[in-house]
1. Among the listed pairs Lys52/Lys205; Lys55/Lys195; Lys55/Lys126; Lys59/Lys126; Lys59/Lys195, which have their C-alpha atoms separated by more than 26 angstrom in this model?
2. Would you tally the net charge around Gly69, using a Cβ to Cβ cut-off of less than 11 Å, leaving Gly69 out, and scoring K and R as +1, D and E as -1?
3. At what distance in nm do the modelled label points of Val210 and Ser4 sit from each other, each positioned 7 Å from its Cα along Cα→Cβ?
4. With label points built 7 Å along Cα→Cβ from the Cα atoms of Lys76 and Lys201, find their separation and express it in nm.
5. Which net charge results when you count Lys and Arg as +1 and Asp and Glu as -1 among the other residues whose beta-carbon is under 11 Å from that of Pro160?
6. Assuming R0 = 45 Å, can you tell me the calculated FRET efficiency for the pair Asn189 and Ser140, based on Cβ-Cβ distance, to the nearest 0.05?
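Each reported figure results from applying straightforward, stated rules to the coordinates on display, with no laboratory input. Remember, predicted model here, so these are calculated numbers, not experimental data. Ideal geometry is used to build each Cβ from the backbone, glycine not excepted, and the neighbour counts take in all protein chains shown.
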Amino acid sequence: MTFSLFHVTWALFHMLLSAVQFIKSLWIYLRRKIEDLFHKGYIADELGYISKQVKLFEKIPSHLVVIVGNETISFKDLANIAVWCIAAGISFISFYDHQGVTSSHSLHLNIFSLADGKGSLVELTKTLCQSVLSGQTKSSEVNRFVIDEKLHKEMEIPDPELILYCGDICSMYGFLPWQIRVTEFLQLNTHHNLKVTDFTKVLSKYGKCVQRFGK
C-alpha cells in the first residue's frame with residue numbers, strides 16, 4: 001500500500017511540475033508576442049537601441065560567455081548575440097558548447113579597435129623607453145621577443161564576468177571552474193529567436209548585481 005502511494009505521489013508531482021513548465025513556456029511565448037506588438041517598428045535600429053540602453057546600466061561585462069547547454073545550436077541567434085555585444089561595448093565574447101558542435105572547446109570572438117593596434121604599440125614604446133631611462137631595463141634587453149610577449153599579455157582574454165546559460169538547468173557543463181571566480185550567472189530561457197529586449201534585460205540585471213568577493 002505504501003509502495004503504491006509513493007508511486008501515485010511521484011506521478012502527481014511530475015504532473016504538477018510538467019504543468020508549471022508548460023505555463024512558464026506559454027507565458028514566455030505570450031510575452032514575446034505582446035512585446036513584438038508594442039515594439040514593432042520601435043526597435044528598427046537594434047544596435048542604436050542597445051547603445052542607448054547600456055548608458056543606463058551601472059556596468060557592463062568586458063567578457064560575456066554564452067553556455068548553450070542542451071539546446072540545438074542556432075548559429076543565426078548566436079551571431080545576433082555577437083553583434084549585440086559589439087553594440088554594447090563588450091570586448092570579449094565566448095560561446096561554450098559542451099557537445100562539441102561548434103568545436104571541441106569554446107569559441108572566442110575578440111573585438112578589437114584602432115586603440116588595440118597602433119595605439120597599444122605606441123603606449124608600449126613609451127613604457128619601454130621610460131623603463132630604460134630609469135635604469136629598470138637595459139636597452140640591450142629590448143628586442144622583438146620582449147615586445148611580442150608584452151603585446152600578447154595586453155591581449156589576454158580576461159576571466160568572464162557574465163555567463164548566460166540557456167535552459168532551466170544552471171550548470172557549467174564542464175566549463176573551466178577556475179575561470180569563474182568573479183562571474184555572475186544569469187539565465188536565458190533559450191537562445192532561439194532571442195529578442196534584443198531579452199538581451200538588454202539580462203545586461204540590466206548584471207548591471208544591478210553587487211559583487212562582494214566572498215565578504
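1. Over 26 Å Cα-Cα: Lys55/Lys126; Lys59/Lys126.
2. Details: positive: none; negative: Glu71, Asp97, Asp168.
Neighbourhood net charge equals -3.
3. Placing both labels 7 Å along Cα→Cβ, they lie 5.6 nm apart.
4. 2.1
5. -2
6. On the way: r = 59 Å, r/R0 = 1.32.
Working from the Cβ atoms, E equals 0.15.
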